[in-house]
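The values are calculated or read from the model by the stated rules, or taken from the named source; none is laboratory data. From a predicted model like this one, the values you see are computed outputs, not experimental measurements. Don't worry about glycine lacking a Cβ; one is built from the backbone with ideal geometry, like all the others, and counts go over all protein chains shown.
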Amino acid sequence: MAKKKIALVVGTRPNFVKAAPLMRRLEQHRDRFNTALIHTGQHYDHKLSQLLFDELGLPAPDVHLGVGSGSHAEQTAEIMTGLEKTLMESKPDLAVVFGDVNSTLATAVVTSKLWIPLAHVEAGLRNFDATMPEEINRVVTDRLSDYLFVSEQSGLDNLAAEGRPKDRTFLVGNIMIDALVAHLESAGTSNVLDSLGVTPREYAVMTVHRPSNVDDAEVLRGIIGAVREIGRKLPVVFPCHPRTQRQLVESKLMAHDRQDGVRVVEPLGYLDFLKLQSEAKLVITDSGGIQEETTFLRIPCLTIRETTERPVTVEVGTNVVVGVDADKITETAFDVINGNHKEGKIPDLWDGRTSERIVDFLLTSLT
Ligand code: UD1
């Protein structure tokens, strides 16, 4: 039987985390699949890209498009141009994309026009806020995908409501948790706590990078104000995305990298960040993936956004959507510090076996 060619397309830090378990699982079936990894280059800093590749055991990309930063249109168009050429040459039997980033959207548009079947891992998530670029990317990608691999029940419901065929949508669980389960033990040996001088359960972790929180200096000022308030009670470690770092400097919001118990550090690698989350008293974030990881780790999480596209983390897990009001953020954080928080459970199928379920499906339906 001829081997099927599968192209995995990744571009950003969370994509790498999601692709790694699938890549590993596909490689166990080398007799059936020829797998190629395409990196668009959307994330290019060592700490956002190569470090993650190394830690997650991802092979060097077969193709690197090297697109880098730009406006949404520039970045998306450049990915599309590079990818079209690559895919016309390699003609895969299936392309796989992850999550909701510009690389995901660009790949969906290109593959559809080339009639290359597309699988979307993490399909169906919605927060119904079309002002967020990620929501646009999710809706368009799902509309163009042939196979929709879903991480939680809300994803199935959303896809059904949008009229996507039931026989194309599959609840397979959360692939990010596959990576977490695979690396939790080795993350345990990280000395990040010592090097940051923090003690287990006696610090908070904070990340913020969404344009809506970061690009508007007033919104960011409110968030930073709240975090400083929290930092006076509990030290806060703040690994800072380049977008956020730039805004902090431009709007002079943090004069030093240590202020009022808040410590700003460069983006951490996957293992250090996993260790840091897993020992934290509290995590404050606007990331999607971190809402899921804290739910699995059962660490209280405050999401500084008005909505979440991952409702199971609130319904079942430890997540609370607090919005961006500074008083609300501090109040809720103080509640957690005082021990008032929900315990949370792990959602169904977040068991470290999602990539196995996806590959089992591909083995029967593709080959
Ligand atoms: C992207 C995703 C977001 C995801 C995040 C994960 C989109 C629309 N957004 O946001 O959903 O949660 O990745 O981190 O795809 N930059 C660097 N070095 C890099 C990459 C970016 O300095 O390696 C800076 C650049 O100045 C760039 C800015 O960060 O202009 C934004 O990068 P971009 O890739 O456009 O989006 P993210 O904010 O990283």
Cross-chain or 6+ apart pairs with Cβ under 6 Å, the range 235-252 first and in contact (Cβ under 8 Å) with a residue 24 or more places away in the chain and of a type in the set (Phe, Trp, Tyr), then within 15 Å of the ligand (Cβ to nearest atom) and assigned to a helix (DSSP H, G or I)
none
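The rows are residues; the columns are (1) within 12 Å of the ligand (Cβ to nearest atom); (2) over 20 Å from the mean Cα position of the chain (by Cα).
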{"position": "Ile230", "(1), (2)": "no, yes"}
{"position": "Arg243", "(1), (2)": "yes, no"}
{"position": "Gln259", "(1), (2)": "no, yes"}
{"position": "Val264", "(1), (2)": "no, yes"}
{"position": "Pro267", "(1), (2)": "yes, no"}
{"position": "Asp272", "(1), (2)": "no, no"}
{"position": "Lys275", "(1), (2)": "no, no"}
{"position": "Lys281", "(1), (2)": "no, yes"}
{"position": "Thr294", "(1), (2)": "no, no"}
For the range 160-208, the count of residues that are assigned to a helix (DSSP H, G or I), under 22 Å from Val97 (Cβ atoms), over 20 Å from the mean Cα position of the chain (by Cα) and not acidic (Asp, Glu) equals 4
Give the number of residues within the range 108-153 that are in a helix (DSSP H, G or I) and either within 16 Å of the ligand (Cβ to nearest atom) or of a type outside the set (D, E, K, R) (or both).
17
Does Asp31 fit the bill of being in a loop (DSSP other than H, G, I, E, B) and away from the ligand (no atom under 16 Å from the Cβ)?
yes
Considering only the range 212-233, how many residues are surrounded by fewer than 19 Cβ atoms within 10 Å (Cβ to Cβ) and touching a Phe, Trp or Tyr at 6+ places or on another chain (Cβ under 9 Å)?
1
Answer yes or no: is there a residue in the range 66-73 that is within 13 Å of the ligand (Cβ to nearest atom), more than 26 Å from Leu274 (Cα to Cα) and in contact (Cβ under 8 Å) with a residue 60 or more places away in the chain.
yes
Consider Leu276 carefully, then state whether it is under 20 Å from Ile224 (Cβ atoms), at pLDDT below 95 and either in a helix (DSSP H, G or I) or touching a Phe, Trp or Tyr at 6+ places or on another chain (Cβ under 6 Å) (or both).
no
